[in-house]
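First comes the structure, then the notes that go with it.
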Amino acid sequence: RTAMDVPAPNRLENFVWPTEDVSRVPFQVYTDQAIYEAEQRLIFQGPTWNFLCLEAEIPNPGDYKNTNVGAAPVIVTRDEHGEINALLNRCAHKGSLVCYKPRGNVRELTCVYHNWVYDLKGNLTGVAFKRGVQGKGGLTDEFKPAEHGLKRLRTTTYRGLIFGTFSEATPSFVDYIGTELAACIDRVL
């Protein structure tokens, strides 16, 4: 039996790194879908801080920059109050990308697919054809825009570096990296 004959969840459990030569990475590590999904879930979506960008890259209200956390596209914005926000770059309606340009300055974020509009904090502020067209279609009265914003990441800044996490369980940034690594960053400034 080959590794590919074993169902995906069991391939991870049964995977054994070769003991005779630790300098070679088995090809399966790079190609196995279950390993890839586990990396996305445990590393990038898990309780870790991920570097997003520099504060200097979004100095003004309305500035944004696109980046990724693993495979997840992320928009980092500076809103009208100067606050930094990190948002999943996927429209809450159909999952389309909201921002295509790598960086820019905008007043709001608009999905080109169906024109859902979000503020720079990721709150849904407008829906095209919300009332339908000529009395047909549209959203029900039960639709609550507050429940359909862009998914937010927790953010923190440290010495001009912006980090984000999808997990509420992630400890504070300095607790996460430790005082020794924090000191290495501190001495650069």
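Of the two radii for segment 81-189, the radius of gyration is 1.12 times the Kirkwood radius, both from the alpha carbons; that is the Rg over Rh value.
Rounded to whole numbers, the Karplus 3J(HN,Hα) couplings from phi for segment 127-142 are 10, 5, 6, 4, 9, x, 10, 6, x, 10, x, x, 8, 6, 5, 6 Hz, using 6.51 cos²θ - 1.76 cosθ + 1.60 with θ = phi - 60°, and x at Gly and Pro.
Anyone know which of D141, D79, D21 comes out most mobile in the 10 Å Cα GNM of the chain? The residue with the greatest mean-square fluctuation here is D21. Which angle between 0 and 90 degrees, to the nearest 10, do you get for helix 173-188 versus the longest principal axis of the chain when only C-alpha atoms count? In the chain, helix 173-188 runs at an angle near 90 degrees to the longest axis.
Sparsely packed loop sites in segment 106-189 (the trypsin sites (Lys or Arg not before Pro) outside DSSP H, G, I, E and B with at most 15 other Cβ atoms within 10 Å) comprise R107, K130, R131, K151, R159. With 25 Å as the limit, the listed pairs K94/K121; K101/K136; K94/K144; K101/K121 have K101/K136 beyond it between alpha carbons. Computed over the alpha carbons of the chain, Rg followed by Dmax gives 21.0, 72 Å. Annotation for segment 90-189: chymotrypsin sites (Phe, Trp or Tyr not before Pro) lying in DSSP loop with at most 11 further Cβ atoms inside 10 Å of their Cβ are Y100.
Calculated mean residue ellipticity, 222 nm, the chain: -5000 deg cm²/dmol, from DSSP H runs (n ≥ 4) at -39500 (n - 2.57) each, averaged per residue and rounded to 500.
The slack in the chain from S96 to R152, taken as 0.36 nm per residue of separation less the alpha-carbon distance, amounts to 18.6 nm. A 1.4 Å probe run over segment 46-180, with the rest of the protein chains in place, finds 56 Å² accessible per residue.
Solvent-accessible area of H93, all protein chains in place: 70 Å² (probe radius 1.4 Å, heavy atoms, ligands and nucleic acids excluded).
Enclosing the Cα atoms of segment 141-189 in their convex hull gives a volume equal to 71 cubic angstrom per residue. With a Förster radius of 45 Å applied to the C-beta separation of E108 and F27, the computed FRET efficiency comes to 0.50.
Solvent-accessible area assigned to carbon and sulfur over the chain amounts to 53 percent, based on a 1.4 Å probe. In this structure, the amide hydrogen of G149, modeled 1.01 Å from its nitrogen in the peptide plane, lies closer than 5 angstrom to those of L124, counting only residues at least 5 positions away or on a different chain.
Taking Cβ separations below 4.7 Å as the criterion for a possible disulfide partner, the isolated cysteines in the chain are C53, C99, C184.
Residues whose amide H comes within less than 5 Å of that of L52, counting only those at least five positions distant or on another chain, are I162, F163, G164 (H built at 1.01 Å from N in the peptide plane).
The values are calculated or read from the model by the stated rules, or taken from the named source; none is laboratory data. Note that the structure is a prediction, hence the values are computed from the model and not measured. Glycine also receives a Cβ, built like all others from the backbone with ideal geometry; neighbour counts cover every protein chain displayed. What goes into the accessible areas is simple: the full protein's heavy atoms, side chains included, and nothing from ligands, DNA or RNA. Shrake-Rupley method; radii C 1.70, N 1.55, O 1.52, S 1.80 Å.
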